[in-house]
Structures are given as C-alpha cells and as structure tokens.
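In what follows, a structure is listed as structure tokens, so that the remarks can point back to it.
The values are calculated or read from the model by the stated rules, or taken from the named source; none is laboratory data. Computed from a prediction, not measured in an experiment: that's the story for all the values here. Cβ placement follows ideal geometry from the backbone for every residue including glycine, while neighbour counts extend to all protein chains displayed. The accessibility values were calculated without ligands, DNA or RNA, using every heavy atom of the protein model including side chains. Shrake-Rupley method; radii C 1.70, N 1.55, O 1.52, S 1.80 Å.
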Amino acid sequence: MNAHSDTAHHEGKNYLNHERGLWSWLTTTDHKRIGLLYLYSILTFFLAGGVFALLMRTELARAGADIIQNPEVYNVYFTLHGVLMIFMFIVPGIPATMGNFLLPLMIGAKDVAFPRLNLFSWYIYVIGAVMAGFALIHPPDTGWTFYAPYSIKSGSSVVLMTAAAFVLGFSSILTGLNFIVTIHKLRAPGMTWFRLPVFVWGTYATAVIQTLATPVVGMTLVLLLMERVMGVGVFNPDLGGDPVLFEHLFWFYSHPVVYIMVLPAFGVIGEIIPVFSRKPLFGYKAVVFASVAIAGVSFIVWAHHMFVAGISDTAAKVFSILTFGVAIPTAVKVFNWVSTMYKGSITFATPMLYAIAFVFLFMIAGTTGIYLATLATDVFYHDTYFVVAHFHYTIQGGAVIGLIAALHFWFPKMSGKMYNETLAKIAFVLVVVGFNLTFLPQFVLGMEGMPRRYYDYPPEFQTLHTISTIGAFINGIGYTWALLNLAFAALFGKVKAPANPFNSLSLEWQTSSPPPHENFHTVPEVTDYPYAYGRPLSYENH
Amino acid sequence: MSHASAQPLKGPPHIHHMDSVTAYHAAKLGMWLFLATEILLFAVLFTAFAIYRWYNLEEFHAGSHHLNWILGMTNTAVLLFSSFTAALAVDAGQKGNNKAVVKLVGVTIACGAIFLIIKYFEYSSKYHHGYFPGQANYLEFKNFLGLYYCMTGLHALHVIIGMGLLTWVLLKAKKDRFSHDYYTPVEIGALYWHLVDLIWIYLFPLLYLVG
Amino acid sequence: MAHNSHSSHAADHSELGHIIPFAVYRNVLIILLILTIITVAVSRVDFGVLNIVVAMAIASVKAGIVAAYFMHLKYENPIIWIYVLFPIILLFLMMGGIFVDNPTRRDPKIYYEVPAATENQSATNH
C-alpha cells in the first residue's frame, strides 16, 4: 500500500460510526455525510424518473393506445420524467454527491468552507422536492422546459412546479458558492492550482456555472409565476409580451446546465483513466483549460435550442457558428483521455469499463450534436427522436454513466467495503447494451421523421420502437443491478477495503477507508500533481 | 482546543476546520459570490427591460413620466445615506466599537423602513388610479408597468431581507460581540445592504427619468 | 482568547479588512448625492437615443464609487474583482444575444398580427 497512508493507527473510528442514529445524520455538518444524504435523495428520484421512462416506453412498444388511453397522460409522464431527472437527479447528481464527498478530501481540507450552509442547501433541496411532490396532485403537462405561452395557460399546477424548480435552483446556487469558496480558501499546504485533481477543476467550473447561471432561470421562472398569478404581461403575447424571450432566458441557464451535468463527469473520467492505465494524465493543463473553456463557451451558445422557434436568421447563424466552438475543448478532452490510455498498462476494472464506455458514448453524443448545430439539418431534426437520442447520449451516456463510474471507483472509500467485481461487470454489460439498444434506434426513428412527445405513431415505426423499448428495460435492469450490487456490498459485504485499493496518487486515497470524521489525521503536505504514475498496477481483482 | 468553556464573549468564534483569518476571507468571498448571483437575478429584468423598451419606446417614455421622480429621488438619497451609515458601521466594527455599530446599523434599518414607506405610497397611488395588473388603465403602459412592478417589487423584497440581516447584526452588536479581530457579520450585512443601494442606483434613472 | 491564541495574534488589521478614514466616507456620500442631482438635471436635456447611455454612464460611476469605497472593493484581492466582473459580462452577453435576435427579426409586428392576417386569408378563400 501507499507509503504516505496513515491508516495503521486510528482503526475503528470513521465518519460513518463517528456518531450514530438518524438524528445525527439529519443534523450533520460533515461534508461526507451530506454527500451521502444527497446520494440517497437523488437515487430515489432517479428511480422515480426511471419508472416514468419505462411507462412511456411500455406505451410506445406497440403502435396504438396500450396502457395510456388519454394523450394528456403521456404529456404528464414526459414532463415528470424530465423534471425528476433534470432538476432532482442529474443537476445535483455528481456535484452534490461526489463533489460534496470528495472535494475537501481531494484538496486536503477538513470540510467545505461553510458546513452549515451545506446542510442547509440539502434541506432546501428536500423542500423543493416536497413542493414538486405536491405539484403531482395536478401534475403539470408542459414538459420540463415550461415554455410560454402554453405554461401561462395550462390548467395544471405549473405554479407549484416552477416554484419547486426555483427552490431546487437555490439549493444548487448555495452548493456551487460553497465549493468555489472551499477551493479558493481551503487547499492544503502545497496544493497549488495546477496540482488540483481534474475532478476538482471540473467541480470548480461546474460550481461557477451553478452559481452564476442558476439565478437567471430562477428569475425567469419567477417572471412566469408573476405572469400566471398577476398577469404582468412579460411573456404573454396577449399583453404585448414576447414568448420567445422566455425561451432565450430559459436556455441562457438551461444550456449551461447540461455542462453542470457533464463537466463533473469529465472530471470523474479524468481521475479514473490514469489510475487504471498507470500513466500520467496526458496534457493535464489542456484538460484543465478545456474544462474552463467549456464553462465559458457554454454561456454563449444557448439559442441553438431555438433555431426554429422564431428567432431571426441572423441570430440563428451567429449561434450556430458559436455552437461549433464547443466541439474544440470537448475534443481536446477526448484526445487527452485516449492518449492517456495509449500504451498504458490498462486494467479493465469496472470503473475503467464505465470510463471507456463514457468516451465512446460521449463521442456519439458529440458528433450527433454537430447535425443539430447545423442550421439546415436542424430544421429537419428539430423536435424529432434524433434530438431525444442525442440528448440522452450526452446526459445518460455522459453524466449518468459518469456518476455510476464514480460510484464504483470511490465506493471503497465511501463505504469501506469492496463490491463484487463480477456482478458489477455483468451490470455494466446490461447498462451499456441496454442503453445503446434504447437510443441508437431513436436516431434512425428521428431521421425517418418520428416526432418526439407523441404517445402513438404510424405502424412503419413499429420495429424500431419495439427494439427501443426492449433496450430501455435492459437498461433499467442494468442500473438496478449495479446499484443493488453496491448497496448489498455496503450493507452485507465481508471484504474490507484497504485505504488505497486502486493505488491512486490522489489525496483522498491517502487517508483510511472510510475516512475519519476529520478527513486526515495529520494535515497533508502536497508536493506533486496527482498523476505521476509510472509504476505497474498492483491492483487485485476482489 | 479542548477547553469546555462557552463561546468567548469577544473574538472570533471557534471553527474546527479553518483559522479565523481564513474564515473571515472565506465569508467575504462567499458574500461577494452571493452578490454576483443577485446581480444576475436582476440581470434578467434589465434584459427584459432593454428589449421591451426597444419594442415600445413611446410607451416607456410615457410610462416613465407617470412615475413621481421626486419620490424616486428622495428614495435614492435615503438609500445612499443608509449605505453611508452601513459603511460607517463596518468601520465601527473594525474598531470594535459595538455601541457605534448598534447606532449606525439602527439608522440604516430606519432608512430602509423610510424607503419602504415611500414605496408603499407610490404603489397605493398607482393602485388607486387603476394602474395595477388586471386593472383598467394597466394596458396603457403594460410592458413598462409590468417590469416596473417586477423590478421595484424584487428590490423591495431585498430591502426587507437586508433589514432582517441587519437586525441580526444589531442584536449581535448589542451583545458586544464584535472586536477588531471579529466583525464578519457587520461586514457581510453591510455588503448585502450596499447591493440594495447599487441596484437602486440603476433603477432610479431607468424607471423614473429616462424610461 | 485562550483557545485560538495562534490566530488572534496573527489577525491584525492588515490581514482582515482595510480601514478607511471617516473623511473619505463623508466625501463619497457628498459626491454620490451631487451625482444624483446631476442625474436628474441631465435627464431634462434631450440627447436623443443617447439619453439612456448618459443616464446609465452616470449610474455606473455612482455604482463604481459605492463598490470601491463603501464596499471596500478597491482593497479586495483580484479573485473578488473577477467575480464582480463575471456577472456583469454575463449580463452583456445575455443582452447581446437577445439583441442579435429581436432587432434582426424581419418585422416584429407580424408576430402580433398573425390572427388578423389568417382571418383575411380565410375570408378571401371563401
């Protein structure tokens, strides 16, 4: 094991058994416990959102009305799937769970800068989730985008749902703010900016977007509320408002938000690949600058969601050109990951498998994005299954796979146990095969002209839809399997994890597994960046 | 570190994960970041204002002349003065003069109250003349008035939150909590209050004068 | 303070906030009030389309003074400067993007008068 680890002493006490009882969890200010609180919450909503996805896929398995007789119900299903998955699962997804758990450990701090604020943001998140729960009494049918003017007129509980989204956004802002201050002020001695792990850089870029983009959508949703409650006439065309302005303001946040989802996943992949390739991360600084560049560019491309929504030709051209710019830093990252693996001594452990899958899936996501950024093709692809497939390749193939990879990679650190590697690999196969089976046919469906958000379709789309539904169920079984495998290992696992099972050089592995309440028994001293690999891996298959 | 004694009456509170100087700078950076989010909250309204003004220039001019600029200017002066007293409160905090902090923060809160009272008279006069959303005359200047209510309403909400924050500071100062090495709450509260002033500096000419 | 003596002797004024003399605060208040009067006075003069530019320019000077002296921004470290500038840049990006769109739409009026147009069309068709 690693020479720097100070695990020989202090056996027994760690953050999990430092205090006991439900109350100690609900009042904890320990970033590791708050990370776990977030993890349990988001996985609950992942499950709920997944149920709605499978309900939709079941309806779409055959042409004609099967389980859904009323098209309005289908509108509710895709709205709830979107709201649950976006606002409650994947936006807090990696930053609030893995970020909370890992950030202070990785920079050698005892906690985040404002521990009580951190707990407070979890409670705000829970309040937002409860509000969204109450909105289910009359579930909204606007789609997760709440587009005006329909959202002004829809009879469903848009008010409660947008208020919930506002509250959830506030939680996101406070988390981001906390992370920025933590990274600026609480780095361990010797932890200079260019010795930070790339996950920290990814989290930093994410935190900047969280803090500075979320208020925009918050205010936009408040204006929508004012419009509905008082009729101020900001978005309502009957009162001289411009509904396209809502789309502008909405996407000003909601495009950067996809980078909130995926930038931390980039960071996760950047951590996993060097460890399992036993090679230094290729072009560390390029990866770092690419993260920052993606965060910057994300603010100036939003109107590519609106090419056919009534914006002017000039604006469409400008935003199309700007959108192509995203490809550059993203491609830099992909090349860096692949170059890191080149001639490496690769171990195909589960986290590494997910990381490689991530690179493949994200490349498909990126290249199909080019078609959507191109004006002429987007007119054709807009609002078809092509967009649905592209989006799910970025978000599920990117962010969700990134989260699952992170859960497997840091599971020994979080739980102090090892999971069953064989079962985890079977789950991996199910996830990846199921995912591609679900969404590759949807590219074809989109090109053939199948519009999204319909509960029924002409018989010629039958075969591909059926394949897609089968894939969705395999995908769902895969995720359930993977998470149950981890849960089982955490609860009943017999194999104790060593401090550094994967022989990583990053700081969080230099403390015991699970870490003590105070993270480190002695303040760590940092002398190098965390990717100075060059030795063969002594990783054993548990 | 292992003293069982209660919180010290003066000096920085003990925090387990960083020293007090870092804690001060962390709190200040955190507050500035929060102010950045507040600026972006208002940025949406400024953007909407800019675009609707471009669409309906005449309506915005006419609507602007409908507002009472004398009341607006009075409120500007009130807020500028309150910002001045808030800045002096921080100065008093830096010198550990808790009595002065109580007085100056008290004056700041009072200025906030005066601002809200004047605002209340402006709103109620608008309401009586039928310029509220849903009322008869509202459609005359609908885009202008819609944004006027959203902007000033959100600003007034910030005044109220700021007064709450400063009340918390005032109570701490009454307990003689601040000293030359610990005055973070005064500084944080004052920063928030200055933001309220900053926003109004833009709202006043935008809404009352130029339109 | 017994239990953090190591930090309190380190915490002298140079490490915490900067102290500004009272006269500076007083002068700043006077300048701000004068600028407020100038704002009102200038609004009586018609600069045409530049009216709003002039008003916003004076407001920005006032805001800059408040930030620099009342908020001590002048004495803060660069990272705070960056996070003050960032939202302002984003505001301009947001406005910029939307102003690339709306004014270049062919005729904004057609978006409002669509119902009337279709009525005419259906009338001629009948």
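Worth a mention:
- Take each residue of peptide B:84-92, count the partner chain Cβ atoms within 10 Å of its Cβ, and average: the result is 5.
- Proximal lysines to A:Lys343, defined as alpha-carbon separation beneath 26 angstrom and excluding residues fewer than eight positions away on the same chain: A:Lys279, A:Lys285, A:Lys333, A:Lys425
- Within straight-line cross-link reach of B:Lys99, lysines at Cα separation under 18 Å, skipping those fewer than 8 residues along the same chain: B:Lys10, B:Lys172, B:Lys174, B:Lys175
- Accessible-area value, C:Thr39, 1.4 Å probe, nucleic acids and ligands omitted, Å²: 10 Å²
- Cα gyration tensor shape for region A:31-132, rounded if a/c is under 1.5, else prolate or oblate: prolate
- Centre separation in Å (Cα based) which lies between region A:78-118 and region A:122-166: 21 Å
- Surface calculation, 1.4 Å probe, protein heavy atoms: A:Lys496 sits at approximately 150 Å² accessible.
- Area accessible to solvent at C:Leu33, 1.4 Å probe radius, in Å²: 60 Å²
- Full extension of the chain between A:Val523 and A:Ala309 yields a length gain of 71.5 nm, computed as 0.36 nm times the residue separation minus the alpha carbon distance.
- Cα-only radius of gyration and Dmax that characterise region B:20-210, units Å: 18.6, 58
- Dimensionless Rg/Rh of region C:18-76 - Kirkwood Rh, Rg from C-alpha atoms: 1.09
- Sorted on the mean count of surrounding Cβ atoms within 10 Å across their residues, most packed first, peptides A:298-308, A:415-425 read A:298-308, A:415-425.
- As a calculated quantity, the FRET efficiency between A:Tyr342 and A:Ala65 at R0 = 45 Å, using C-beta atoms, amounts to about 0.30.
- Residue mean of other protein chain beta carbons inside 10 Å, A:317-324: 1
- For A:Lys417, the amide hydrogen comes within under 5 Å of the amide hydrogens of A:Ala497, counting only partners 5 or more places away or on other chains and with H modelled in the peptide plane.
- The mean number of partner chain beta-carbon atoms within 10 angstrom of a residue's beta-carbon across peptide A:457-468 is 0.
- Centroid-to-centroid separation of region C:66-104 and region A:302-368 [C-alpha atoms, Å]: 29 Å
- Of the trypsin sites (Lys or Arg not before Pro) found in region B:163-211, those in coil by DSSP whose Cβ has at most 14 other Cβ atoms within 10 Å are B:Lys175.
- Calculated FRET efficiency, A:Tyr40 to A:His18, Cβ-Cβ distance, R0 = 22 Å: about 0.75 to the nearest 0.05.
- Each of B:Ala77 and A:Lys153 was given a label point 7 Å from its Cα along the Cα-to-Cβ line. The distance between the two points is 5.0 nm.
- Gyration tensor (alpha-carbon) shape descriptor, region A:80-235, a/c threshold 1.5: prolate
- Reachable lysines, given that their alpha-carbon falls under 26 Å from the alpha-carbon of A:Lys153 and they are not under 8 places away in the same chain: B:Lys142, C:Lys109
- Shape class of the protein assembly as shown from the Cα gyration tensor (axes a ≥ b ≥ c, square roots of the eigenvalues): oblate, since a/c reaches 1.5 or more and a/b does not exceed b/c.
- Calculated FRET efficiency for the pair A:Phe324/A:Thr463, C-beta based, R₀ 30 Å, to 0.05: 0.30
- Region C:39-62 versus region B:59-97: alpha-carbon centroid distance in Å: 18 Å
- Residues listed by number, region A:132-147, amide nitrogen under 16 Å from A:Thr58 label point at 7 Å toward C-beta: none
- Amide H to amide H distances under 5 Å link B:Ser179 with B:Gly11, where only residues 5 or more positions off or on other chains count and H is placed in the peptide plane.
- Working note: Cα atoms of region A:147-280, range along each principal axis, descending, whole Å: 62, 30, 23.
- Among A:Met106, B:Met73, the sequence by solvent-accessible area, most first, with a 1.4 Å probe is B:Met73, A:Met106.
- Label-to-label distance, A:Lys317 versus C:Ile30, with points set 7 angstrom from Cα along the beta-carbon direction: 5.6 nm.
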